[in-house]
Amino acid sequence: MKTSNMDGARPRMVRYLRKWAARYGRTVQEQLIRGAAYSLGSGAVSLLMFWVHSLLVFWIQSLH
């Protein structure tokens, strides 16, 4: 009976992730949290820029 290539995929992935964590000094969970925080911060900055732009447009229109 021929075994699937997927039989060894999980242990290889676990080894790869452990090496990655050792190399970069953080776990996958920590990296996911960092990515989520970066995305949230980026979204907040975009929202702030949109709000300021809307205020400026409203202010300029009120001058006319």
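I'm trying to understand the selection: among the residues of the stretch 40-64, which are open to solvent by less than 70 Å² (accessible area, probe 1.4 Å), over 17 Å from the mean Cα position of the chain (by Cα) and polar (S, T, N, Q)?
Ser54
Of all residues in the stretch 18-39, which are within 19 Å of the chain's Cα centre (by Cα), exposed (fewer than 10 other Cβ atoms within 10 Å of the Cβ) and at negative phi? Give the steps one after another, and end with the answer.
Kept after step one, since they are within 19 Å of the chain's Cα centre (by Cα), are these residues of the stretch 18-39: 20-21, 24-39.
If we keep only those that are exposed (fewer than 10 other Cβ atoms within 10 Å of the Cβ) too, we end up with 25, 29.
Gln29, the sole residue that qualifies.
Under 7 Å by Cβ, and 6 or more places apart or on different chains, what pairs join a residue from the stretch 1-14 that is in a loop (DSSP other than H, G, I, E, B) and open to solvent by 100 Å² or more (accessible area, probe 1.4 Å) with one that is at pLDDT 80 or above and of a type in the set (A, V, I, L, M, F, W, C)?
Note: no pairs meet the criteria.
The values are calculated or read from the model by the stated rules, or taken from the named source; none is laboratory data. Bear in mind that the values here come from a model prediction, so they are computed numbers and not experimental data. Heads up, the Cβs are rebuilt from the backbone with ideal geometry, glycines too, and the neighbour counts pull from every protein chain shown. Just so you know, the surface numbers come from the protein's heavy atoms only, side chains and all, with ligands and any DNA or RNA stripped out. Shrake-Rupley method; radii C 1.70, N 1.55, O 1.52, S 1.80 Å.
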